[in-house]
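Comments concern the structure below.
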Amino acid sequence: MSSETRLAFAHPVERAAATSTSDALDRISVRDHTVEVEIGAFQAERGVTQRICFNIVVEVQPLRGPIDDDVDRILSYDRVTEAIQSELAVERLALLETLAERVAERILLEPQAMRVFVRIEKLDRGPGALGVEIVRARDGAPPAEMAAEPAPHPELVFLSNEAIASEHLKGWLDQLEATGRPLILCVGAADVAAPQVAHKMAQRRIDLLAIEQNAWVLAARDDRCVVVDTRTELDWAMKNGQTSVWAPSKIVLDSVDAPSAQTSDPVELAAWFASTFEETEMLVIGADLPVQASVPLRAAAADQKSL
């Protein structure tokens, strides 16, 4: 076996050692860290958990001066495992590649971390381990520049079908955009009843798709409204002043903490979505307020001109 082939299947510790430069870096490692999580792109992987195994090596800048046996002066193993747990908690992912990238990015935010090797393997998808391995290095930017940007605080608004069809829609959008906050609009299903089936998960998907159809109806009413279905798209939209209409299927189905709100109560579902932005309030135009919701709700009538 050639050295290249051997290293391709070697533990990340060996790969790190073989590819190190003349600048001496220390290494810390987490081996065979196994967790159970729902992940995967196939339908058979939805609704079930499977074991995935992490092997991670972080090359770190050596400390200047004595360590003094002080855990606060080092990049702790806990920070590596916390990076794993934090990324797993954000949303359900389809790809190990995405998870590996996010874990690597989070670890490289640590001031000492210079390069990271991340190997992730699925242990239950076949007779062997199926996985990916990536290597990522800091680009030289100082830690302050690499820190995550503050989370945006958008204005979330639920529009009833009466509100979608209202002659005041354009004026409402003008008023909401004038606040300067990113605007995300949520809707329920159209008044036409969606198909009904006995299978619970299938019905949930049908109901979510019915909401998404109505999102496109709203988008057709005003060109400023753009239908989006991922947090990545929403983040971009909020940073670039785009008014978004939430298509809920992907975010709801991929949520680590699935909402208790039923698709039959779209206002409550939209309030759950608002809570993922740590919002303090959601405006509801033209719809009845649910008994309980994840955020405080403020009602407005569909026939009122000013919000």
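Can you tell me which residue is farthest from the chain's Cα centre (by Cα) among those in the range 161-219 that are over 18 Å from residue 271 (Cβ atoms) and β-branched (Val, Ile, Thr)? Only one residue fits best here, namely 192.
So which of 80, 30 is surrounded by 12 or more Cβ atoms within 10 Å (Cβ to Cβ), assigned to a helix (DSSP H, G or I) and modelled with pLDDT of 85 or more? I'd like the intermediate steps shown before the answer.
Values: 30 fails: assigned to a helix (DSSP H, G or I).
That would be 80, the only listed residue that is surrounded by 12 or more Cβ atoms within 10 Å (Cβ to Cβ), assigned to a helix (DSSP H, G or I) and modelled with pLDDT of 85 or more.
Considering 111, 127, the condition of being modelled with pLDDT under 90, touching a helix residue (DSSP H, G or I) at 6+ places or on another chain (Cβ under 7 Å) and assigned to a loop (DSSP other than H, G, I, E, B) is satisfied by 111 alone. On inspection, residue 217 qualifies as part of a helix (DSSP H, G or I), of a type in the set (Val, Ile, Thr) and either loosely packed, with under 14 Cβ neighbours inside 10 Å or out of contact with any strand residue (DSSP E or B) (no Cβ under 7 Å at 6 or more places or on another chain) (or both).
Condition check ((1) assigned by TED's automatic domain parsing to the domain that holds residue 167; (2) closer than 23 Å to residue 48 by Cα; (3) of a type in the set (Asp, Glu); (4) at pLDDT 90 or above) across all residues:
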residue: 225; (1), (2), (3), (4): yes, no, no, yes
residue: 230; (1), (2), (3), (4): yes, yes, no, no
residue: 245; (1), (2), (3), (4): yes, no, no, yes
residue: 278; (1), (2), (3), (4): yes, no, yes, no
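Yes/no matrix, rows are residues, columns are (1) farther than 19 Å from residue 204 by Cβ; (2) aliphatic (A, V, I, L, M); (3) assigned to a helix (DSSP H, G or I); (4) out of contact with any Phe, Trp or Tyr (no Cβ under 9 Å at 6 or more places or on another chain):
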position	(1), (2), (3), (4)
263	no, no, no, yes
267	no, yes, yes, no
287	yes, yes, no, no
293	yes, yes, no, no
299	yes, yes, no, yes
305	yes, no, no, no
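When 211, 206 are screened for being of a type in the set (Val, Ile, Thr), part of a helix (DSSP H, G or I), buried (at least 18 other Cβ atoms within 10 Å of the Cβ) and in the same structural domain as residue 236 (by TED's automatic domain parsing), only 211 passes.
Residues in the range 269-285 that are part of a loop (DSSP other than H, G, I, E, B) and either closer than 15 Å to residue 90 by Cβ or free of Cβ contacts under 8 Å to residues at least 40 places away in the same chain (or both): 5 in all.
Tally up the residues in the range 239-261 that are outside any loop (DSSP other than H, G, I, E, B), within 13 Å of residue 225 (Cα to Cα) and without any contact (Cβ under 8 Å) to a residue 60 or more places away in the chain, please. So that I can check it myself, show each step before the final result.
Within the range 239-261, the first condition is being outside any loop (DSSP other than H, G, I, E, B), and the residues that meet it are 239, 243-246, 249-253.
When the remaining residues are screened for being within 13 Å of residue 225 (Cα to Cα), the result is 243-246.
Remaining after also requiring without any contact (Cβ under 8 Å) to a residue 60 or more places away in the chain: none.
Going through the range 239-261 one residue at a time, the tally reaches 0.
Scanning the range 220-238 for residues that are among the acidic types (Asp, Glu) and surrounded by 15 or more Cβ atoms within 10 Å (Cβ to Cβ) yields 222, 229, 233, 235.
Given the options 245, 197, name the one that is hydrophobic (A, V, I, L, M, F, W, C), surrounded by 16 or more Cβ atoms within 10 Å (Cβ to Cβ) and over 17 Å from residue 90 (Cβ atoms). Walk me through it before giving the result.
Details: 197 fails: surrounded by 16 or more Cβ atoms within 10 Å (Cβ to Cβ).
Selected residue: 245, the only one of 245, 197 that is hydrophobic (A, V, I, L, M, F, W, C), surrounded by 16 or more Cβ atoms within 10 Å (Cβ to Cβ) and over 17 Å from residue 90 (Cβ atoms).
Could you tell me which residue of the range 33-62 is surrounded by the most Cβ atoms within 10 Å (Cβ to Cβ), considering only residues that are out of contact with any strand residue (DSSP E or B) (no Cβ under 8 Å at 6 or more places or on another chain) and modelled with pLDDT under 90? Please lay out each step first, then the result.
Here is the first cut: in the range 33-62, the residues out of contact with any strand residue (DSSP E or B) (no Cβ under 8 Å at 6 or more places or on another chain) are 41-48.
Right, trim to modelled with pLDDT under 90 and you get 41-47.
Working: 41: 10, 42: 8, 43: 8, 44: 8, 45: 17, 46: 15, 47: 9.
Step by step, filter the range 33-62, then rank; the result is 45.
Looking only at residues in the range 282-297 that are surrounded by 13 or more Cβ atoms within 10 Å (Cβ to Cβ) and not aliphatic (A, V, I, L, M), the one that is modelled with the lowest pLDDT is 294.
The values are calculated or read from the model by the stated rules, or taken from the named source; none is laboratory data. Values in this document were obtained by computation on a predicted structure and should not be read as measured data. Cβ: placed from backbone, ideal geometry, glycine included. Neighbour counts: every protein chain shown.
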